[in-house]
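Nothing in this text is a laboratory measurement; each read-out follows from the coordinates by a stated rule. All of these numbers come straight from a predicted model, not from anything done at the bench. Using ideal geometry, Cβ is built from the backbone for each residue, glycine included, and neighbour counts are taken over all protein chains shown.
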Amino acid sequence: MFKTLVTFSLLTLLTSSFNNAYALSLVNTRHLLTKTGFAPSFDEIEPFLALTKAEAIDQLFTRQISQIPPTLPAIFSASYRPPSLAFKLMTQDQKKTYRKERRQQTQLLQAWWIDKMLTTSNPVTENLTLFWHNHFATSLQKVKRPALMAVQNQTLRKHAKGNFKTFLHAMIKDPALLFYLDNNRNRNNKPNENLARELMELFTLGEGHYTEADVKNGALALSGYSFKHKRGTFVFNTRQHNNTVKNILGYTGNWNGDDFIDILLKQKQTARFIIRKLWAHYITTPIPLATLTRLTDGFYQNYEITPLLQNILQQPDFWHKDNQGTQLKSPVQLVIGFYRQFNLKPNKAVQLSKSTQKMGQRLFYPPNVKGWPTGNNWINSTTLLARQNFITQVTRGMKLKNAIRHYDKNTADWIDLIVSHSLHKENTKTNDHWQTVKNTLGDLNYQLQ
Amino acid sequence: MNRRDFIKYCGTLGLTLSLPERLFAQNEIGSKKTIILIELQGGNDGLNTVIPYTDPLYYALRPTIGLKNSEIIKLNNHLALHGALEPLMPLWEQHQLNIMLGLGYEKPNLSHFRSIEIWNTNATSDQYLEHGWLSAYLEAFQKESPLSIANGLVLGGGQGPLLGVPKTLQIKNITRFLSHSKSLSELPKNTTTNSALLQLIKTHNTIQNAALTIKTHLKPLQAPKPFENHPFSKQFALATQIIQSDLNIPVIKLNLSSFDTHINQRPQHARLLKVLAQTINSAQQALKATGHWQNTVIMTYSEFGRRAKENGSKGTDHGTAAPHFIMGGHILDGFSGSQPPLSDLTHNNLKFTTHFSKLYQKAIAL
């Protein structure tokens with residue numbers, strides 16, 4: 001590591017004297033990698049330093065495109081839950097065993113995802129998977145079947161930066177989502193409005209862009225979209241589908257759920273809604289109207305997510321100082337970012353999921369279908385204490401100290417970069433690298449990105 | 001706040017009332033009024049909470065989830081309580097429970113998130129406000145008691161009606177709160193335009209300001225009847241303990257969730273109402289034992305009621321008007337407002353008869 005660091009300093013020197021207008025600075029590289037993934041280690045930063053902004057953004061989305069997506073442990077390949085009748089017939093001991101197994105599976109699933117986020121060479125995808133988990137928010141609290149959540153997590157990952165159209169069609173067939181929003185109980189002549197409403201309010205159009213009649217007709221279109229309880233796979237029960245003519249957002253016909261999705265995608269508002277949400281994911285200042293119009297015209301053509309994201313990241317807004325260090329890190333970003341930044345491995349991945357839970361973000365358990373309230377809402381007197389306690393704990397042990405010990409004076413750039421987080425740089429930076437790092441982590445600015 | 005300010009403030013809320021003198025007391029010591037807010041998150045089914053049991057339309061609209069005579073407690077000739085609310089009956093009999101009927105607002109919104117925002121900010125259906133309905137009341141409190149440790153305390157759910165109120169504490173686990181707060185360092189004086197950083201600094205200061213006082217003044221909980229083991233009961237137990245310790249926090253918010261009963265409503269709704277009633281009963285006994293009940297006001301609220309007509313899954317979809325409870329040591333009437341008739345529905349939804357802000361006015365005025 002030491003050797004490569006020397007090269008960095010030279011590299012920055014070179015780029016700053018010859019190529020200043022084009023190359024990314026250390027701070028900008030960190031900004032790009034943190035916002036699109038997690039706080040980067042110096043090793044991750046290196047390959048980007050010689051690139052222009054446009055090249056760097058391009059790299060982010062193309063470099064690992066051939067990578068095989070992470071596979072799930074075999075235990076999640078089949079769904080797991082006895083039919084409810086059998087559950088009722090179980091003895092107390094059997095129920096206890098079943099609940100214990102379910103708890104273990106939940107922890108295994110959380111640890112599995114945490115581990116992916118810690119070790120992935122494709123942080124953009126994991127960051128977006130987390131974004132979509134919060135968009136199509138589904139909670140194990142109700143679903144109670146880790147296997148179904150595992151399948152959903154893979155679906156989110158598969159489409160995370162793909163095509164939103166395909167994504168949405170896949171999501172209305174996702175068993176965990178169908179179960180979470182009661183659509184398995186939405187039957188011909190016995191409609192249940194839950195999915196239809198949230199689909200429009202939270203997943204596509206936003207509140208105020210549909211009527212109560214659209215909700216009712218949408219529910220009819222979605223009737224029969226269910227899943228096989230034993231196998232946990234999607235099924236369209238045609239006999240439970242309402243085969244009447246429905247009027248949704250001005251379109252009249254005998255629509256099914258997929259037709260309903262197509263109608264939603266015909267609304268420019270859907271493109272606008274998704275763009276606004278993605279913008280806020282990366283950028284603190286609101287999207288200017290002209291930019292929104294321009295981005296909407298592009299995204300609405302084919303709903304391709306990657307070109308949209310590249311476009312957002314290329315906006316001057318993304319790089320503006322008002323949008324660097326002005327966004328609260330989510331608990332997952334804070335915790336995963338810390339370990340990645342210092343190249344550290346936790347003893348147990350599941351511990352990290354407990355840490356984020358205390359900070360208000362328990363993976364696979366968003367508080368409701370609207371997801372976690374983000375931005376400044378991450379911080380209250382309980383969650384701030386949990387965050388500071390996390391920092392206290394990780395700076396108490398020897399692990400971080402030992403990692404810092406290997407740095408030496410050639411790591412000046414790196415230390416400067418770390419210190420640039422601080423509120424009071426003059427107090428934070430000392431001759432002792434370890435003390436400097438500790439001061440920086442304890443600083444409230446470390447909570448920001 | 002002086003009397004004139006207070007009158008002006010009451011005007012903005014549409015209040016006419018005789019002014020409670022204790023609001024103006026300068027003394028920081030001793031027990032003062034506490035409002036406890038209970039958010040019934042998900043949209044509580046009002047029609048199965050207070051049941052128009054003599055109306056045949058009720059049973060026609062709710063063939064499977066309609067509550068039978070054996071499952072209700074009759075309060076008068078046409079209204080009854082869900083049987084699971086039995087632990088509230090002592091309050092009812094002592095005239096310390098008021099049921100406000102048909103609460104809602106014009107042009108109801110059936111989204112959980114938008115509707116609770118309307119309730120939280122006391123907005124109209126097409127108005128977007130940034131501050132919780134209590135912020136004016138608490139601004140007044142803050143002026144009167146600048147040294148108070150907090151203007152509001154959230155023990156469950158989001159900030160809700162305390163949105164935008166400075167010095168709002170949010171505590172999940174009091175032991176952890178007190179032990180972790182020790183590790184907070186002194187913060188350098190700072191001014192910033194960075195709103196995220198400001199949020200961190202303010203919260204940091206709120207914790208430091210409150211933690212030491214809570215630590216030195218918190219007394220053990222005194223409860224003649226133990227609280228249940230439910231998360232909501234734990235919130236209420238802590239609220240009780242804090243009131244008993246005379247920490248002078250004017251508003252405490254609690255949350256009981258899972259009222260979004262789209263499927264198989266019966267057992268779930270009964271469980272929730274039972275926890276609600278038992279917990280209130282325990283808290284009332286505890287607060288009475290230490291002489292704090294007189295100064296306590298408890299009110300429930302929810303984003304909406306549920307559809308009058310049941311859905312196809314033995315549950316109910318999102319609806320509109322619903323009744324709410326207001327309780328306290330002061331004598332209250334039995335019912336206020338009127339029950340929305342089942343014969344006059346809009347898309348199977350009730351029409352509200354009383355604006356929800358009447359509930360807020362009552363909680364403040366008591």
* Structure fact -> Highest mean packing first, using Cβ neighbours within 10 angstrom, the peptides A:282-294, A:48-60 sort as A:48-60, A:282-294
* Asked: Dipole size in debye (nearest 20) for the protein assembly as shown around its Cα centre, Lys and Arg Cβ +1, Asp and Glu Cβ -1?
  -> 2160
* Structure fact -> Taking Cα atoms, the helix A:26-36 axis meets the longest principal axis of chain A at an angle in degrees (rounded to 10) of 10
* For the pair A:Asp432 and A:Ser121, how long in nm is the line joining their label points, each one 7 Å along Cα→Cβ? -> 3.8
* Counting partner chain Cβ atoms within 10 Å of every residue's Cβ in A:211-224, what's the average? -> 1
* Structure fact -> Per GNM of chain A with C-alpha springs under 10 angstrom, the most fluctuating residue out of A:Pro123, A:Pro73, A:Pro40 is A:Pro73
* Structure fact -> Quick calc, A:Lys277 & B:Gln285: beta-carbon distance into FRET formula, R0 45 Å, rounding 0.05, result 0.40
* Of the options B:Ser181, B:Gly46, B:Leu138, report the single residue whose Cα projects farthest towards the positive end of the charge dipole of chain B (beta-carbon charges: Lys, Arg +1; Asp, Glu -1). => B:Ser181
* Where the centre of each part is set by its Cα atoms, how far does segment B:264-343 sit from segment A:133-191, in angstrom? -> 33
* **Semi-axis lengths, Å, chain A, gyration tensor of Cα atoms, sqrt of 5 times eigenvalues** => 42, 28, 18
* Provide the net charge surrounding A:Ile391, with neighbours chosen by a C-beta distance below 10 Å and charges set as Lys +1, Arg +1, Asp -1, Glu -1. => +2
* Radius 13 Å from Cβ of B:Leu97, net charge of other residues (Lys, Arg +1; Asp, Glu -1) -> -2
* To do: Beta carbons within 10 angstrom, averaged per residue: use that to sort the peptides B:230-242, A:321-333, highest first.
  => B:230-242, A:321-333
* **the protein assembly as shown: antiparallel DSSP beta bridges as a percent of all, rounded to 5** => 55
* Asked: Using the alpha-carbon atoms, what tilt in degrees (0 to 90, nearest 10) does helix B:265-289 show relative to the longest principal axis of chain B?
  -> 50
* If you count, for every residue in B:195-208, the Cβ atoms of partner chains within 10 Å of its Cβ, what is the mean? -> 6
* Cβ charges +1 (Lys, Arg) and -1 (Asp, Glu), total dipole of segment A:74-266, debye -> 1020
* Of B:Leu163, B:Leu184, B:Leu273, the one that fluctuates the most in a GNM where chain B has Cα springs shorter than 10 Å -> B:Leu184
* Considering every residue in B:104-117, what mean count of other chain Cβ atoms within 10 Å of its Cβ is obtained? -> 3
* Structure fact -> Net charge (Lys, Arg +1; Asp, Glu -1) of residues whose beta-carbon lies under 9 Å from that of A:Lys116, A:Lys116 excluded, is -1
* Let me know the Kirkwood hydrodynamic radius for segment B:31-365, please, with Cα pairs as the basis and the value in Å to one decimal. => 20.7
* Structure fact -> The helix B:3-13 Cα axis meets the longest alpha-carbon principal axis of chain B at an angle in degrees, between 0 and 90 and rounded to 10, of 40
